[in-house]
Amino acid sequence: MEICHLCQDQIKKSASRKPHKDLVKIDECRIFIGRNPSGHEEQDYQCAVCQSRFTHSTDKNDLGWTLWQG
Ligand SMILES: [Zn+2]
């Protein structure tokens, strides 16, 4: 499956950036209370165009968007 250009751009975005228009939330938001006193959240998304899946984490400032491998 080819990754679409919007997803390729998404990989490079920081955690504070919004998902692109074809990314749809899957599953519930996961909230972690740990080393970060205020906790952080993870949310999974799937692209409606190319089916790529991302996890968005507020725990990482630079690379908040992680593409699922395989
Ligand atoms: Zn895509």
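No lab work stands behind these numbers, since they all come straight from the coordinates. These figures come from a predicted structure and were not determined experimentally. Here the Cβ is made from the backbone with ideal geometry for all residues, glycine too, and neighbour counts use every protein chain on show.
So the values come out like this:
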quantity: The chain: relative contact order as a whole-number percent, Cα under 8 Å and 6+ apart; calculated: 35
quantity: Residue order, fewest to most surrounding Cβ atoms within 10 angstrom, among Lys13, Lys21; calculated: Lys21, Lys13
quantity: Rg/Rh ratio calculated on Cα atoms of the chain (Kirkwood radius); calculated: 0.98
quantity: Efficiency of FRET between Val24 and Gln69 - r from beta-carbon atoms, R0 25 angstrom, step 0.05; calculated: 0.80
quantity: Under-5 Å amide H pairs with Asp59, H placed in peptide plane, nonlocal only; calculated: Glu41
quantity: Val49 paired with Ala15, simple spin-label distance in nm, labels 7 Å along Cα-to-beta-carbon; calculated: 2.6
